[in-house]
Amino acid sequence: MTKQEHLLVCLSEECNEVIHAVSKTLRFGPDEIWPKMEQTNIERVRIELNDLMAVVTMLEGEGFNLTRTAGEMVAKQKKVEKYIEYAKTLGTLKD
Ligand SMILES: [Mg+2]
């Protein structure tokens, strides 16, 4: 395994940790503190996002171009807003 491959596994693991923290936030609320944890669920999301970005930065240091671009981010935000409106028409999302 190369260092790049190792870091890609780390990236995958951190994505899973973000998913786990988001799931706990949805299931138990943003302010709940899981037993034996010191942070709220939403703080865990923030921490895991920082872990994720740390690995992204390391991958960039190993030669991958993972640059965040404002244009792509704005495009994604518009797409999410579009589907928020669609979900409202279906009644699956309320104001
Ligand atoms: Mg982590």
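Contour minus end-to-end for C15 and K78, with contour as 0.36 nm per residue of separation and end-to-end as the Cα-Cα distance? Could the numbers behind the result be given before it?
On the way: separation 63, 0.36 × 63 = 22.68 nm, distance 2.28 nm.
Roughly 20.4 nm would be gained on extension.
Computed about the Cα centre, the dipole magnitude for the chain is approximately 440 debye when only Lys and Arg (+1) and Asp and Glu (-1) carry charge, each at its Cβ. Among the protein heavy atoms of the chain, carbon and sulfur supply 60% of the accessible surface, probe 1.4 Å, non-protein parts ignored. Taking 0.36 nm per residue of separation and subtracting the Cα-Cα distance, full extension of the segment from M58 to I42 would add 3.3 nm.
Within 10 Å of each candidate Cβ there may be at most 16 other Cβ atoms; applying that plus a DSSP loop requirement, which trypsin sites (Lys or Arg not before Pro) in the chain survive? Don't jump to the answer; show the numbers that get you there.
Numbers: sites: K3, K24, R27, K36, R44, R46, R68, K76, K78, K79, K82, K88, K94; in loops: K36, R68, K94.
Of the trypsin sites (Lys or Arg not before Pro), the ones in loops of the chain whose Cβ has at most 16 other Cβ atoms within 10 Å are K36, R68, K94.
Candidates L52, N65, V80 compared by Cα position along the dipole of the chain: farthest toward the positive end lies V80, with charges placed on Cβ. Pairs of lysine residues in the stretch 27-95 that meet both criteria, 8 or more places apart or on different chains and Cα atoms under 25 Å apart, total 7. When the GluC sites (Glu not before Pro) in the stretch 8-70 are filtered for DSSP coil states and for at most 10 other beta-carbon atoms within 10 Å of their beta-carbon, the remaining sites are E38.
With every protein chain kept in place and ligands, DNA and RNA left out, what is the accessible area per residue of the chain? Probe 1.4 Å, answer in Å². Numbers along the way, then the final one.
Values: 7390 Å² over 95 residues.
Result: 78 Å² of accessible area for each residue.
So what is the relative contact order of the chain, in percent, for Cα pairs below 8 Å that sit 6 or more residues apart?
25 percent.
How much length is gained on full extension from R68 to D31, taking 0.36 nm per residue of separation minus their Cα-Cα distance? Before the final figure, lay out the partial values.
Working: separation 37, 0.36 × 37 = 13.32 nm, distance 2.94 nm.
Full extension of this stretch gives 10.4 nm more.
Taking every alpha-carbon pair in the chain and binning the separations at 5 Å intervals from zero gives 3, 12, 13, 14, 19, 17, 13, 7, 2, 0 percent.
Hey, with R₀ at 22 Å, roughly what FRET efficiency would N50 and H6 work out to, going by the Cβ-Cβ distance, to 0.05? Could the numbers behind the result be given before it?
Numbers: r = 20 Å, r/R0 = 0.89.
After rounding, the FRET efficiency stands at 0.65.
The values are calculated or read from the model by the stated rules, or taken from the named source; none is laboratory data. These numbers come from a predicted model, not from an experiment. So basically every Cβ, Gly included, is an ideal-geometry build from the backbone, and we count neighbours across all protein chains shown. SASA here: full protein model, heavy atoms, side chains in, ligands and nucleic acids out. Shrake-Rupley method; radii C 1.70, N 1.55, O 1.52, S 1.80 Å.
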